[in-house]
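A short worksheet on the structure shown next.
The values are calculated or read from the model by the stated rules, or taken from the named source; none is laboratory data. In this text, all values refer to a predicted model and were calculated from it rather than measured experimentally. No Cβ is skipped: glycine too gets one built from the backbone with ideal geometry, and neighbour counts run over all protein chains shown. The area values use the complete protein model at the heavy-atom level, side chains included, leaving out ligands, DNA and RNA. Shrake-Rupley method; radii C 1.70, N 1.55, O 1.52, S 1.80 Å.
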Amino acid sequence: MKIAYVVSEVFPFVKTGGMADVAGSLPRYLKANGQEIITILPLYQSIDTKQHKIKPSKISLTVELVGQSYEFDVHECTRHGVKHYFLANAFFFEREEIYGNYADNYLRFGAFCHAVILLMQALDFQPDVYHLNDWQSALIAFLVKEVYHLPSKVLLTLHNLAYQGVFDKHAIDHLEIGWEWFTVEAFEFFDHFNLLKGGMTFSDCVNTVSPTYAEEIKQQPNGNGLENFIHLHESKITGILNGLDIEEWNPQKDANLYKHYNSVTFKERKINKKNLLKELGLKEEQKPLFTFIGRFVKQKGLDFFMHTFEFLQELEINLVIVGEGDNEYALFFDKIRTKYDNVYVYMGYSESLSRKLYASSDFLLMPSLFEPCGLNQMIAMRYGAIPVVRKTGGLRDTVQDFRDTEKVEGKHGKGVVFTKKDTVSFLVAIMRAISLYANRQKMNRIARKNMELDFSWEEASRAYIQVYQKLIL
Ligand code: ADP
């Protein structure tokens with residue numbers, strides 16, 4: 001089958017979150033399983049074309065919208081056998097941030113969507129399926145069905161329903177959509193223009209990145225105002241759990257680590273902890289190391305840290321926080337950054353530090369309020385750090401509490417799970433982790449078992465192929 005995979009970020013070219021990891025790995029597995037797949041994304045100024053050997057092609061495209069012409073030059077590269085097309089338009093994409101809070105975001109990504117369709121024509125590539133991701137590419141569903149009247153089917157993957165691409169309703173004019181589509185069934189959302197909602201309407205199938213999240217979005221608060229609309233479209237919504245790129249995330253090969261290891265040579269892992277603590281200026285290696293890595297947004301449960309911090313820093317633990325994002329959290333973590341001997345805060349994005357942390361931490365904290373899938377917990381388990389998670393979305397689907405797995409023959413492993421959204425439950429989970437740490441033999445057994453779990457994309461890519469096949473029947 002011919003698949004056009006359209007997405008606004010792809011690892012390693014550009015990444016703000018898990019969607020980039022997915023886009024950087026799923027197409028490769030789909031290709032290995034027989035699909036003819038290409039990916040298409042914008043060429044942002046932050047993408048290092050030299051490093052990734054991205055070259056200009058001979059194709060350029062002109063999108064006409066409301067009497068304006070927007071030129072897109074097409075660039076390309078091949079990585080792990082998958083061809084990536086980058087659409088360049090200096091006005092739209094040479095900006096400091098890839099999303100930012102730009103008032104014309106609907107136009108930046110709306111014009112990009114038109115350009116994607118023109119690119120398929122220029123390449124003479126008639127996709128059997130357009131596989132879209134989140135609001136940035138969602139307009140393509142409408143363009144395929146109602147503007148260009150193409151025979152292609154459309155699958156839209158929802159990576160996070162908290163981001164819907166909601167704009168002033170006059171975007172309808174600027175994108176030449178026609179007010180007849182400004183209805184509750186299509187783009188209208190509380191008198192605003194909603195790209196993701198319109199995308200869901202015109203897609204043949206919609207999937208979320210975990211089965212539990214597919215259920216959770218049918219209700220408040222995870223429906224984010226779309227819960228009734230989602231009920232209406234229930235029959236075309238499924239959940240497919242993300243995989244992990246196990247080549248990319250491999251403690252036996254990861255170039256950032258002090259020492260490579262696997263579940264058999266697990267003892268070597270502590271060399272990573274020893275060196276990293278030294279590098280970060282943290283003392284007392286015998287204390288458990290707890291880590292948080294992620295975007296500083298409410299979703300990730302950062303309020304739990306803020307509300308319990310006075311208590312946390314008193315515990316016999318080392319705590320590392322890595323991330324960047326909303327001001328309220330950035331200010332808080334900045335304030336405590338240099339205050340405590342057992343706390344280290346890195347404000348920013350660091351691939352290398354995060355990888356060292358997965359290989360050194362005893363516990364990875366993910367107290368998310370909601371989590372469509374979450375990759376960190378899978379990376380943690382693959383690297384032998386035990387996840388401490390709230391039971392929601394993909395965390396529920398990937399991490400069972402070790403007390404429950406213990407009861408099932410041959411199934412030990414996984415993490416510490418708490419359910420309620422309150423600080424007491426969060427602290428109890430941390431205390432349970434600390435007492436597990438006191439029984440090092442048991443803890444290492446769990447960690448080693450986790451390292452042997454199969455998080456690969458094999459199963460998920462087969463599930464996606466089944467969806468494609470159903471669509472074109
Ligand atoms: P989300 O997509 O909601 O941000 P995921 O758990 O799906 O969360 O994916 C997060 C990905 O981003 C993981 O690969 C994680 O290691 C990485 N990541 C997040 N924040 C940082 C950071 N500050 N530094 C390095 N890696 C980060």
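With N residues in segment 344-430, what two-decimal value do you get for its Cα radius of gyration over 2.2 N^0.38 Å?
Relative to the rule-of-thumb radius for its length, segment 344-430 sits at 1.10.
Over segment 298-382, what lengths in whole Å, largest first, do the semi-axes of the equivalent ellipsoid take, defined as the square roots of 5 times the eigenvalues of the alpha-carbon gyration tensor?
Three semi-axes, in Å: 19, 16, 14.
To two decimal places, what compactness ratio does segment 187-227 give when its Cα radius of gyration is scaled by 2.2 N^0.38 Å?
Expressed relative to 2.2 N^0.38 Å, the Cα Rg reads 1.21.
Given K278/K449; K287/K339; K283/K335; K273/K391; K2/K145, which pairs have Cα atoms separated by over 24 Å?
Cα-Cα > 24 Å for K278/K449; K273/K391; rest within.
Please state, as a whole number in µm²/s, the translational diffusion coefficient that the Stokes-Einstein equation yields for segment 198-320 at 25 °C and 0.890 mPa s, with Rh defined as the Kirkwood radius across alpha carbon pairs.
131
Can you give the % of DSSP beta bridges in the chain that are antiparallel, to the nearest 5?
Approximately 30 percent, going by the DSSP bridge assignments.
Taking a probe of 1.4 Å, how large is the accessible area per residue of the chain, in Å²?
It amounts to 42 Å² per residue over the chain.
Compare the Cα positions of N376, G348, S435 along the charge dipole of segment 347-472 (+1 at Cβ of Lys, Arg; -1 at Cβ of Asp, Glu; about the Cα centre) and return the one farthest towards the positive end.
S435
Rounded, prolate or oblate, given the Cα gyration tensor of segment 421-472, with a/c below 1.5 counting as rounded?
Because a/c hits 1.5 or more and a/b fails to exceed b/c, segment 421-472 counts as oblate.
When a/c reaches 1.5 or more, the comparison of a/b and b/c decides; with that in mind, is segment 395-438 rounded, prolate or oblate per its Cα gyration tensor?
Since a/c reaches 1.5 but b/c is at least a/b, the shape of segment 395-438 is classed as oblate.
When ranked by the protection proxy of mean other Cβ atoms within 10 Å per residue, highest first, what sequence do the peptides 77-87, 17-27 form?
17-27, 77-87
Using only the C-alpha atoms of segment 281-340, find the volume of their convex hull and express it per residue in Å³.
Cα convex hull per residue, to the nearest whole number: 83 Å³.
Bins of 10 Å, beginning at zero and ending with the bin holding the largest distance: percent of Cα pairs per bin for segment 1-66, please.
All Cα pairs, binned at 10 Å, distribute as 18, 43, 33, 5, 0 percent.
Of all the Cα-Cα pairs you can form in segment 128-270, what percent are over 19 Å apart?
Across segment 128-270, Cα pairs with separations above 19 Å total 58 percent.
Could you look at the chain and say what percent of its accessible area is carbon and sulfur, using a 1.4 Å probe and all protein chains?
49
Give the value in nm², to one decimal: projected area of the alpha carbon convex hull of segment 252-304, averaged over all directions.
5.3
Rg over Rh of segment 82-177, using C-alpha atoms and the Kirkwood radius, what does it come to?
0.95
Express the C-alpha Rg of segment 326-473 as a ratio against the empirical globular expectation 2.2 N^0.38 Å, rounded to two decimals.
1.19
Does segment 1-112 come out rounded, prolate or oblate, given a ≥ b ≥ c as the square roots of the eigenvalues of its C-alpha gyration tensor, rounded meaning a/c under 1.5 and, failing that, prolate meaning a/b above b/c?
Prolate, since a/c reaches 1.5 and a/b exceeds b/c.
Report, largest value first, the span of the C-alpha coordinates of the chain along each principal axis, in whole Å.
67, 46, 44
Evaluate the relative contact order of the chain (contact order divided by residue number), counting alpha-carbon pairs under 8 angstrom at least 6 apart; express in whole percent.
12
What residue among N250, I230, H260 has its Cα farthest toward the positive end of the dipole of segment 209-287, where the charges are +1 on Lys, Arg and -1 on Asp, Glu, each on the Cβ?
Most positive-ward Cα: H260.
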